[in-house]
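Worksheet for the structure shown next.
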Amino acid sequence: MDFRTSATKELSTILDRLTQAADAAAQTARAEATAEAQITIDAVNAQRATVQQALQDQLDARETLERAHAKLETEHKKLETARGKLEAERARFSSDNARLVTDHAKIEAELAKLESERARLESERARLESERAKLAKDADALRADVAALRTELESTHTASQALLAESNDAREQLQARLDAALSDVTDTTARAAEWQAEQGRMIRDQAVALVSRTLDRMLAVSATFATVSTEDEVLAAVVEALASEFSRVALFKIGLDRLDVLQHAGFDFPTDYTHLVVPQPIGAILDRAVTSGQIEMLSADAIAATTGTPFGGSPACALALPIDLDGDMCAVLYADDAGQPHQAFASTGLRRTFAMLLRQLAAPLLLRLPAEMKAIAELRAYAAHLVAELENMYDADVSMQRKGHDLHRRLQDNLECARGIYAQRVSSEPPAAAALLEEELALAASVAHATPFGRDLSALLGAAEPRVAEA
């Protein structure tokens, strides 16, 4: 059996295994994608609930303004009622004035009548001369009464004019107050509408900024996780992502009976981690997280008890995030916001959701990376096997007395065949697997550089490098 037949048979067996592994991987990836999509939908629903709550607050503020507007409308109606009463008083005063004018006319008529009577008496003076003395006295008294009546009439007319002027002044003052109240109502309504519009814009801008900031952060986290290739890089990516939300983050490796610090950000830990003192409240929350396997939160009152320890400060929020690998806890992260500005505006619920999302993103990577490393090791062994077969074929050609150009051409053909077989083998593997054959070829050339095989292989590899550079 020659090299090509052997390789083809082995390739068929490997392809069958790859097909089965690809089916299993596709099912696993489908389940993981469904879980990740559900988590994303839950996070978006939570943000939607936050926006709806903000809109409800806006509606409550609008109802308050509408109630204030209704109250102002009631006051306006009261003023209109008072104005109607004043108009009625004015009409009554006008009626009284008309009555007084009528009385004055009557008195003037009586006076004219008296004057007529006096003229008649004067015409009859000759006839009544005998009674003149008696009537003269009565006439003087009558004239005195008429003068008094005329004086009283003039006084009444003056008082009526004064009352009418006072009524006009009161009406003008009431009209001025009514105009001022209407102006205040208009200004208040305009200010309320402007405030309501400004509140709506602020709520909309805050909601957009929150969603944009969350999406940018998730995009950065996804980009970071896309570049990791080892367990340490996954944990370092989680630390970096948490450090964007918390001012202090520490990563602890779980040992048999202790927690060892692997990485931290924002802490002033001693150089020798073996002398690190973990405060009791923080140690308790780390223990709970490791035991429960869930994210644990620490209140500000419990954190206040740690003053004077390496975990000092005055954080308003802290959490412990456990990381498991295939069901076994391998690490736990502690994070708090000590020294971080605007602590009052931070949302504990959103921070917990963010940490949970980081854990969900890291979990499948931690499960997949060991399998990828195992696959890389198997592919490296396969590449070494191909190189060994290549050397065996070379030795067989030498034993068949092949020399010079013929031997070199046979080695080149076998090398290209091995590269083609390996390329088909790693077509569905990670990109890092593509260079394993070339690494094994270079290693074989350097190890066997003193042998004919090593020299010919080095010559072929050396000739391929300029062609790659020119391409």
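The conditions of being in the same structural domain as GLU198 (by TED's automatic domain parsing), over 60 Å from the mean Cα position of the chain (by Cα) and of a type in the set (Gly, Ala, Ser) are met by ALA141. In region 179-205, the residues that are part of a helix (DSSP H, G or I) reach residues that are modelled with pLDDT of 75 or more and of a type in the set (Lys, Arg) with C-beta atoms within less than 7 angstrom, at least six apart or across chains, in these pairs: GLN196/ARG62.
Residue-wise test of (1) within 30 Å of LEU72 (Cα to Cα); (2) of a type in the set (S, T, N, Q); (3) loosely packed, with under 13 Cβ neighbours inside 10 Å; (4) modelled with pLDDT under 80.
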site: ASP187; (1), (2), (3), (4): yes, no, yes, yes
site: ILE203; (1), (2), (3), (4): yes, no, no, yes
site: THR224; (1), (2), (3), (4): no, yes, no, yes
site: THR227; (1), (2), (3), (4): no, yes, yes, yes
site: ARG248; (1), (2), (3), (4): no, no, no, no
site: HIS264; (1), (2), (3), (4): no, no, no, no
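Suppose the filter is at pLDDT below 80, closer than 30 Å to ARG92 by Cβ and surrounded by fewer than 13 Cβ atoms within 10 Å (Cβ to Cβ); does GLU194 pass it? Criteria not met by GLU194.
Among the residues of region 340-351, those identified as at pLDDT below 75 and not in a helix (DSSP H, G or I) are PRO341, HIS342, ALA346, SER347.
When the helices (runs of 4 or more DSSP H) confined to region 384-471 are screened for residues that are assigned by TED's automatic domain parsing to the domain that holds LEU15 and at pLDDT below 85, those reaching at least 3 such residues are found at 436-447, 452-470.
Here GLN294 passes the criteria (1) surrounded by 19 or more Cβ atoms within 10 Å (Cβ to Cβ); (2) modelled with pLDDT of 85 or more except the one numbered (1).
Kindly indicate which of ALA46, ALA35 is out of contact with any helix residue (DSSP H, G or I) (no Cβ under 7 Å at 6 or more places or on another chain), at pLDDT 80 or above and surrounded by 10 or more Cβ atoms within 10 Å (Cβ to Cβ). Every option except ALA35 fails the conditions. Whether any residue in region 9-18 is at pLDDT 80 or above, more than 30 Å from ASP413 (Cα to Cα) and in a helix (DSSP H, G or I) is what I want to check. No, that holds for no residue.
Scan region 165-175 and tell me whether some residue there is surrounded by 14 or more Cβ atoms within 10 Å (Cβ to Cβ), touching a Lys or Arg at 6+ places or on another chain (Cβ under 6 Å), more than 24 Å from ASP337 (Cβ to Cβ) and at pLDDT below 70. Yes: one or more hits.
If the condition is being of a type in the set (Gly, Ala, Ser) and farther than 30 Å from PHE93 by Cα, then region 105-156 contributes SER116, ALA119, SER123, ALA126, SER130, ALA133, ALA136, ALA139, ALA141, ALA144. Return yes or no: is LEU72 surrounded by 10 or more Cβ atoms within 10 Å (Cβ to Cβ), farther than 30 Å from LEU357 by Cα and in contact (Cβ under 8 Å) with a residue 40 or more places away in the chain? Yes: the conditions hold for LEU72.
The values are calculated or read from the model by the stated rules, or taken from the named source; none is laboratory data. Please read all numbers here as calculations on a predicted model, not as lab measurements. Positions of Cβ are backbone-derived with ideal geometry, glycine not excepted, and every protein chain shown enters the neighbour counts.
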